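To start, the structure under review is shown below, and the notes come after it.
Please treat every number below as a calculation from the coordinates, not as lab data. Remember, it's a predicted structure, so these values are computed and weren't measured experimentally. Positions of Cβ are backbone-derived with ideal geometry, glycine not excepted, and every protein chain shown enters the neighbour counts.
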Amino acid sequence: MKARSKHKRTLIHPKILILIFPAIAVIMIASSLIEIHQSRKELVSLMEKQAHSMLETVIITSANTILTNEYLEDFLEERLLNNAYFIRYLYERGDVTNNLLSNIAGSNRIYRINIFDPDGNRIFSSHEQIHFDLPERHTPQETLAPIFEGETDILIIGLREARFEEGFRYAIAISTGERGAIVLNLDAADLMEFQLNIGFGTMIRNIANNPGIVYVALQDYDGIIAASEGVRELERIEGSEFLEGLLADSTFAARMTTFQNTNVFEAIHPFYFFDNPVGLFRIGFSVETLDALNARILRRLIIISIVLVVLGSVVVSLIVVRQNLNLLQRQYDVVESYSGSIIRNVSDAIIVLDPKSGIQVFNYTAEKLFERTEREVLGKPLDEVFGGYQCEQLLTSQASMQHIECTINERKKSLLVSKSSFTTENGDAAIIFVIRDLTEQRRLEEQMQRTERMTAMGELASGVAHEIRNPLNTIATIIQQLKKDFRPSNDVDEYRSLTNIIYQEVQRINNTIHQFLRFSRPDPVRPEPFRFSDMMKRLEQQYQSLMAQGGISFEMNVRWDGEVIWDRQQMQQALMNVIQNAVDAVSQNGEISVSAAEHDDHTVEIRIKDNGRGIPEHLKSRIFNLYFTTKADGTGIGLSIVQRTVYDHCGLLFVESDEGKGTTFLIRLPKICN
């Protein structure tokens with residue numbers, strides 16, 4: 001009985017056994033986590049020391065690079081100035097000749113020696129002038145103005161592009177007694193090659209080539225000064241309390257961060273040159289070693305978990321297992337539903353293709369982009385669905401990321417496509433397409449560029465008109481007075497013909513100036529409320545008979561009729577200019593259509609389409625430039641006026657064209673320009 005009782009006491013109750021396994025698991029996992037933390041801490045400390053040492057070396061090398069460049073330029077400057085003083089001595093004695101300058105240039109390896117009078121005319125040169133028909137990048141009058149105007153006697157021009165030829169020169173100039181200039185320059189090819197070989201770029205590339213380094217960059221408040229290949233953007237100093245503190249305190253620091261969606265260990269050190277802050281040196285190190293450590297510990301945890309699960313499965317009842325499975329199933333259903341909702345409503349188009357089963361996922365954004373419903377495409381091969389959209393690159397390219405142009409329902413689309421693959425549970429290779437529609441973004445970028453060009457052209461027009469108009473009026477008045485009061489004794493007819501030609505040319509220039517002023521100072525916008533359909537009906541009545549006479553098919557389709565507040569006269573004239581361009585572009589039996597509809601609750605979209613000759617690709621970016629025209633009798637201001645009118649009404653103007661297939665002008669205007 002005693003032995004039996006003792007045996008009973010040695011038995012472990014199943015509930016206690018169930019508690020033992022979690023305790024053992026906690027101890028093992030805790031020890032593993034402590035080891036991970038300690039190993040990671042030691043490795044991070046070692047990486048900080050190595051990174052600090054590397055950054056100090058980089059900073060010393062960078063300072064030496066800057067000093068080397070400065071010493072080299074000082075040496076070149078001193079060498080050229082010494083020769084310039086000697087030439088001035090000879091010039092003031094009257095001993096200078098072209099041959100003498102040529103000999104000095106040859107013996108001292110000087111590329112050019114020129115002497116200019118105070119008006120900027122070259123009076124002596126070491127080389128004969130051989131460029132008569134090439135455009136000048138800069139003139140002596142501009143470059144040497146400080147000497148000609150008495151502001152300085154020595155002018156260090158430094159490194160700049162050659163006046164006529166390709167390449168760069170390093171130049172200096174000194175004044176002569178009568179405020180002329182003696183200019184000496186060297187061919188800067190060797191200097192630039194030297195700077196390239198010892199510059200920041202070469203140094204950074206060499207550092208970035210070391211194993212384990214992800215990127216190297218020198219950054220200031222304005223952005224990245226120099227960086228290794230592949231670095232396009234880093235966290236800006238301005239607005240970052242961490243980076244601003246480092247630059248202010250001049251201290252080294254390191255941190256874990258992300259770069260291009262990848263974890264990196266980043267070391268940062270301020271760079272000062274003669275106590276002047278230049279920026280921050282930032283080096284990103286790969287954390288593969290840390291990841292390998294984590295993977296090793298993770299494998300250990302997995303093995304421990306497997307052992308515990310196997311042992312625990314002997315103890316844990318089938319009911320508990322079943323309950324856990326039910327709980328996991330409910331959680332999985334929630335995650336699956338949540339993930340499906342995210343994929344369905346994400347802003348990018350997502351298409352999942354199984355080569356055997358066809359399209360498996362076609363989210364809401366994809367439906368809107370390709371104007372096909374999910375029901376229509378599920379289970380079908382990709383080429384059957386998109387074969388008619390001229391998206392062959394989407395089907396054939398092996399690139400993981402690409403930009404393609406597609407025509408979807410006669411509308412050009414600019415798409416950024418990310419392509420990746422995964423293996424399904426059946427072992428098949430499925431493909432995921434993530435497609436972002438960049439069409440509107442590209443159009444807005446083009447609009448901004450045209451607006452900038454239009455603003456610059458307006459400023460130019462205003463300046464030209466101001467400087468030229470008054471002298472032209474004076475010339476016209478003098479010519480008229482000469483015709484009236486002066487009569488030559490011989491060749492009267494020729495005299496009158498010449499004076500008439502002068503007067504006519506003055507009037508022609510005046511007309512050009514008037515067009516400039518019309519563009520730079522257009523009539524103010526006088527908005528008034530009116531029904532949109534009234535303006536469109538008037539355009540239809542105006543062009544219907546004209547199109548019929550020219551054998552052109554004209555169709556007007558207005559699918560919105562509401563009130564807008566625009567300058568009716570300016571907007572109608574802008575639409576007439578675009579329609580007239582379409583008329584000029586089509587031939588006999590051509591087709592022109594004008595359609596209008598609401599783009600959204602606040603915007604109206606007008607499309608003017610023709611099937612004419614189209615616009616060549618290389619001319620698309622120039623058609624809105626002032627005075628650019630391909631017509632023999634065109635003025636080149638029509639589309640510029642259209643662009644300004646649309647801009648003044650807070651609108652957007654785009655053009656889509658294929659050479660030989662036709663052109664579509666798309667105008668989007670808010671109903672009210674606030």
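Here are the numbers for this structure:
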{"item": "Quotient of Cα Rg and 2.2 N^0.38 Å for the stretch 151-278, N being how many residues it contains", "result": "1.49"}
{"item": "Vicinal HN-Hα couplings computed from phi for the stretch 555-563 (Karplus, 6.51 cos²θ - 1.76 cosθ + 1.60; Hz; Gly/Pro x)", "result": "10, 10, 10, 10, 9, 8, 9, x, 9"}
{"item": "Fewest-first ranking of 296, 568, using other Cβ atoms within 10 Å as the exposure measure", "result": "296, 568"}
{"item": "Amide H contacts of residue 176 (H built 1.01 Å from N, under 5 Å, at least 5 apart or other chain)", "result": "181, 182"}
{"item": "Rg over Rh, two decimals, the stretch 528-670 (C-alpha only, Kirkwood Rh)", "result": "0.94"}
{"item": "Descending principal axes extents, the stretch 96-194, alpha-carbon based, whole Å", "result": "36, 30, 26"}
{"item": "Neighbour cut-off at most 14 other Cβ (10 Å), DSSP loop, trypsin sites (Lys or Arg not before Pro), the stretch 62-157", "result": "109, 137"}
